[in-house]
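Student: If you scroll down you'll find the structure; I have some questions about it.
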Amino acid sequence: MVRLRPIEARDADRLWESLQDPEGIRLTGTTAAFTREQVDEWTATVAHRPGRYDWAIAPGAVRDGQQVSDELIGEIVLNQIDEHAGSANLRLQMLPDYRGRGYGREAIIEVLRFAFDGVEGEPGPGLHRVSLDVLSINPRAQALYESLGFREEGRLRDVYRDGNAWADAVVMSILEDEYRAA
Ligand SMILES: CC(C)(COP(=O)(O)OP(=O)(O)OC[C@H]1O[C@@H](n2cnc3c(N)ncnc32)[C@H](O)[C@@H]1OP(=O)(O)O)[C@@H](O)C(=O)NCCC(=O)NCCS
């Protein structure tokens, strides 16, 4: 259903669009503001930054042997890679029109496969643990991660501002053996 490929300069328009999305901003607790120039620079260079993997999620649909579209419909990132501990952080966001259609789930499965086992032609980082933070105001995302084998580890209480209220950061992770069991 999905194809993951490195982020490229041509993805700047769509990543810029995703940064303007109010639901995405709220549900990811984003507070940093980026200029268009920063986004252009980021998309052009992020593939070469060490210690992280940033993928564009593109639809995997194929017609007559050809991929129907290679356009970015979301992004997924493994960052904060600690080679010694074998751990990394996972982050993802789909563009608004592509949510709730199963793409996010497939992308996470692909990235976990890469993280723990590597994929054909690329050994991968051979991780032991993949963790993420999800806001307590985002129960749908939390349910998705749980269904994939992530477990809640704890909460940072009221670390995010949500309008006039606060939200917790729910810390979740999946370990290598849990990934294999799932
Ligand atoms: C969270 C997110 C990455 C999940 O990807 P997705 O492609 O929408 O998820 P899937 O289609 O694979 O669906 C998995 C489940 O999550 C639900 N879901 C989670 N967030 C959703 C949203 N914002 N809109 C629609 N469905 C959502 C789906 O309904 C589905 O539930 P179901 O299996 O009971 O039907 C994506 O919805 C998104 O980018 N949301 C906004 C930003 C965000 O929350 N990022 C995650 C921060 S931790």
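Student: Restricted to segment 136-155, and to residues that are more than 8 Å from the ligand (Cβ to nearest atom) and either more than 24 Å from Ala169 (Cα to Cα) or among the aliphatic types (A, V, I, L, M) (or both), which residue is farthest from the chain's Cα centre (by Cα)?
Tutor: Filtering first and then ranking leaves Ile137.
Student: Return the pairs, sorted by first residue and then second, in which the second residue is part of a helix (DSSP H, G or I) and basic (Lys, Arg), the first residue lies in segment 105-120 and is touching a residue at least 12 places away in the same chain (Cβ under 8 Å) and within 15 Å of Asp177 (Cα to Cα), the beta carbons are less than 9 Å apart, and the residues are 6+ apart or on different chains.
Tutor: Cβ pairs passing all conditions: Phe116/Arg180.
Student: Residues to consider are Asp133, Asp162, Asp158; find the one that is within 16 Å of the ligand (Cβ to nearest atom), surrounded by fewer than 17 Cβ atoms within 10 Å (Cβ to Cβ) and charged (D, E, K, R). Give the derivation first.
Tutor: Working: Asp133 fails: surrounded by fewer than 17 Cβ atoms within 10 Å (Cβ to Cβ); Asp158 fails: within 16 Å of the ligand (Cβ to nearest atom).
Criteria check complete, one pass: Asp162.
Student: Next question. How many residues are touching a residue at least 24 places away in the same chain (Cβ under 8 Å) and surrounded by 15 or more Cβ atoms within 10 Å (Cβ to Cβ) when one looks only at segment 18-43?
Tutor: 11
Student: Residues of segment 88-125 being of a type in the set (Val, Ile, Thr), more than 11 Å from the ligand (Cβ to nearest atom) and touching a strand residue (DSSP E or B) at 6+ places or on another chain (Cβ under 9 Å), which ones? Lay out the reasoning, then the answer.
Tutor: So in segment 88-125, the residues of a type in the set (Val, Ile, Thr) come out as 108-109, 111, 119.
Adding the requirement that they be more than 11 Å from the ligand (Cβ to nearest atom) leaves 111, 119.
Scanning segment 88-125 gives a single hit, Val111.
Student: Can Leu127 be described as farther than 22 Å from Ala58 by Cβ, in contact (Cβ under 8 Å) with a residue 40 or more places away in the chain and within 17 Å of the chain's Cα centre (by Cα)? Give the derivation first.
Tutor: Details: farther than 22 Å from Ala58 by Cβ: yes; in contact (Cβ under 8 Å) with a residue 40 or more places away in the chain: yes; within 17 Å of the chain's Cα centre (by Cα): yes.
Yes; evaluated as a whole, the condition is true for this residue.
Student: Is there any pair with a first residue in segment 138-162 that is closer than 20 Å to Arg113 by Cα and a second that is of a type outside the set (Asp, Glu) and exposed (fewer than 12 other Cβ atoms within 10 Å of the Cβ) whose Cβ atoms are under 9 Å apart and which are 6 or more apart or on different chains, and what are they?
Tutor: Between residues of segment 138-162 that are closer than 20 Å to Arg113 by Cα and residues that are of a type outside the set (Asp, Glu) and exposed (fewer than 12 other Cβ atoms within 10 Å of the Cβ), the close pairs are Gly149/Ala181.
Student: When you check Tyr179 against the structure, is it touching a residue at least 40 places away in the same chain (Cβ under 8 Å), closer than 23 Å to Arg5 by Cα, among the aromatic types (Phe, Trp, Tyr) and more than 9 Å from the ligand (Cβ to nearest atom), yes or no?
Tutor: Working: touching a residue at least 40 places away in the same chain (Cβ under 8 Å): yes; closer than 23 Å to Arg5 by Cα: yes; among the aromatic types (Phe, Trp, Tyr): yes; more than 9 Å from the ligand (Cβ to nearest atom): yes.
Here the answer is yes, as Tyr179 does meet what is asked.
Student: Still on this structure, please answer the following. Restricting to segment 70-87, name every residue that is within 16 Å of the ligand (Cβ to nearest atom) and either in contact with a Gly (Cβ under 9 Å, 6 or more places away or on another chain) or part of a loop (DSSP other than H, G, I, E, B) (or both). Don't jump to the end; show me each part of the working.
Tutor: First, the residues of segment 70-87 that are within 16 Å of the ligand (Cβ to nearest atom): 71-80.
Across segment 70-87, the qualifying residues are Glu71, Leu72, Ile73, Gly74, Ile76, Asn79, Gln80.
Just so you know, all these numbers are worked out from the coordinates, no wet-lab data involved. Bear in mind that the values here come from a model prediction, so they are computed numbers and not experimental data. Heads up, the Cβs are rebuilt from the backbone with ideal geometry, glycines too, and the neighbour counts pull from every protein chain shown.
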